[in-house]
Amino acid sequence: MAAHQEKKPSEERNRKSTQNGTRTSQVQWGRAWEVDWFSLASILFLLMFAPLIVYYFIMSCDQYQCCLIDPVIDLLAGNKYLSDIWNKTPTLTYRAAGIYTLWVAFQVFLYVCIPDFCHKFLPGYIGGVQEGAVTPAGVVNKYEINGLQAWIITHVLWFANAYYFHCFSPTIIFDNWIPLLWCANILGYAVSTFAMIKGYFFPTNAKDCKFTGNFFYDYMMGIEFNPRIGKWFDFKLFFNGRPGIVAWTLINLSYAAKQQELYGQVTNSMILVNVLQGIYVLDFFWNEAWYLKTIDICHDHFGWYLGWGDCVWLPYLYTLQGLYLVYHPVQLGTANAIGILMLGLIGYYIFRMTNHQKDLFRRTNGNCKIWGKKPEYIECSYMSVDGTKYHSKLMTSGFWGWARHFNYTGDLMGSLAYCLTCGFDHILPYFYIVYMTILLTHRCIRDEHRCLSKYGKDWKRYTSAVPYRLIPGIF
Ligand code: NDP
């Protein structure tokens, strides 16, 4: 078994039950209990159209050289019928089903059966058994953090089998991309449906379940907070990190190999995409313990949004730049390539440092230095469902004094850099920055709504101290 490196939650717990007047409003934090019409309409839209959007993007590359407009023109002009496009789409194959099953089974094996050893020899890396944040029901879950190890083992095996033993071609992912899409959808829907049934009939922690009474909302946003099978198989940590994010770098490598096969060279734009997105993926696994404290893990329930999203949306749409570059091998001028690299690295630096500052601040309960000084903060309190009162702190210095979500700003700069590698001939690669802008702006609003109901007037004091969300002085 892995060494148990348990940390105490940084927030001080006041175990005395409090019966003051603020309790009723404060225990409602977490995802919504009631569904407004706008949320319901958005959810129905996504349930119906998100799978089609993914199909449309991938099909456009397969049949129309990544041009998003041409399929519509063809259909409107009567040059093609929907059935023509559908009939040209590769179907599910036994080969793809075999590859995908092996892939997911191997990731489950790495997650469940191999306790982390990286933290034993990598200085500064936090792995092994770690604690998550306090849930609304007051539970503190333990997680086996071994994502970095899974990523390393997977990539070593990939290189060995693709380039040394020649068990499969390094283009295997690209070559089976659409058949694999059907497999990813099957898993995404299966796991979301299973999570819903589990939430009703055998939840891991009944007190952390939420039922709005609206089937579609519950299916999409999830019922159970932290569904698990056994002690360690945590759905959110597994699906959030693997198989999608481990696959991200392999998918990009497969695209690079395809460029090499088709054109005899790998363009600098493809190298940039592989490097910048590779840094982002490695950062994710290096900081997996920290991700336990992010919204996906510590606030979102597990439903279709995470289950299907992690299986399908993430691997297929986050990798569009590499896919595009297979069809359009852009060779950037040196100045442009350096400019894009700088934008990506600065964005990454802001993203990482902002996240690091909050993590350090919360881990040390404010007893640390941010930019060489003691951090400034606002004291705040909140309550869990059992009435236990907790104390926490909101930092108002460092990057967190510039804007309330400056980590998102850095993320957006990095996202823009990926898109710019593809030049300006087509809009398809820019989907990512448009999507990330919508996602992160919506996240700001969603998170702030949750924080307001969690911290009440303390949150208002915080927003007065740090008035901007993403860009100081503007928004
Ligand atoms: P944050 O890491 O910003 O976490 C928000 C939470 O931090 C709040 O709910 C609150 O939680 C706490 N908090 C807010 N303000 C402060 C403060 N001033 N001081 C201390 N704690 C504070 O958000 P996310 O989890 O959304 O994002 C984590 C990272 O992941 C971001 O960098 C984001 O860009 C990235 N991301 C990437 C995505 C992708 O698809 N590529 C998707 C989503 C996120 P509490 O209740 O503990 O007070």
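So here's what we get for this one:
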read-out: So residue 422, is it touching a Phe, Trp or Tyr at 6+ places or on another chain (Cβ under 8 Å), more than 9 Å from the ligand (Cβ to nearest atom) and outside the structural domain of residue 323 (by the TED database); value: yes
read-out: Residues that are in a helix (DSSP H, G or I), within 10 Å of the ligand (Cβ to nearest atom) and open to solvent by 10 Å² or more (accessible area, probe 1.4 Å), drawn from the stretch 259-297; value: 280, 284, 290, 291, 295, 296
read-out: Filter result for residue 195 (surrounded by 18 or more Cβ atoms within 10 Å (Cβ to Cβ), in contact with a strand residue (DSSP E or B) (Cβ under 8 Å, 6 or more places away or on another chain) and under 21 Å from residue 313 (Cα atoms)); value: yes
read-out: Failed criterion for residue 133 (all others in (1) at pLDDT 95 or above; (2) open to solvent by less than 50 Å² (accessible area, probe 1.4 Å) hold); value: (1)
read-out: Output for the stretch 77-115, where each listed residue is within 16 Å of residue 187 (Cα to Cα) and among the small types (Gly, Ala, Ser); value: 96, 97, 98, 105
read-out: Residues that are of a type outside the set (S, T, N, Q) and within 7 Å of the ligand (Cβ to nearest atom), drawn from the stretch 395-404; value: 395, 400, 404
read-out: Filter result (assigned to a loop (DSSP other than H, G, I, E, B) and open to solvent by 10 Å² or more (accessible area, probe 1.4 Å)) within the stretch 136-174; value: 136, 137, 138, 139, 165, 166, 167, 168, 169, 170
read-out: Tally of residues being within 10 Å of the ligand (Cβ to nearest atom) and either open to solvent by 10 Å² or more (accessible area, probe 1.4 Å) or acidic (Asp, Glu) (or both) across the stretch 379-394; value: 2
read-out: Qualifying residue in the stretch 405-418 (condition: more than 9 Å from the ligand (Cβ to nearest atom), outside any helix (DSSP H, G or I) and over 30 Å from residue 70 (Cα atoms)); value: no
read-out: Near pairs, Cβ below 8 angstrom, 6+ apart or cross-chain, from the stretch 378-392 (in a strand (DSSP E or B)) to any residue that is aliphatic (A, V, I, L, M); value: 378/394; 378/465; 380/394; 383/27; 389/383; 390/134; 390/383
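The values are calculated or read from the model by the stated rules, or taken from the named source; none is laboratory data. Just so we're clear, the structure is a prediction, and the values are computed from it rather than from any experiment. Positions of Cβ are generated from backbone atoms using ideal geometry, with glycine treated the same way; all protein chains shown enter the neighbour counts. These accessible areas exclude ligands, DNA and RNA; they are computed on the full protein's heavy atoms, side chains included. Shrake-Rupley method; radii C 1.70, N 1.55, O 1.52, S 1.80 Å.
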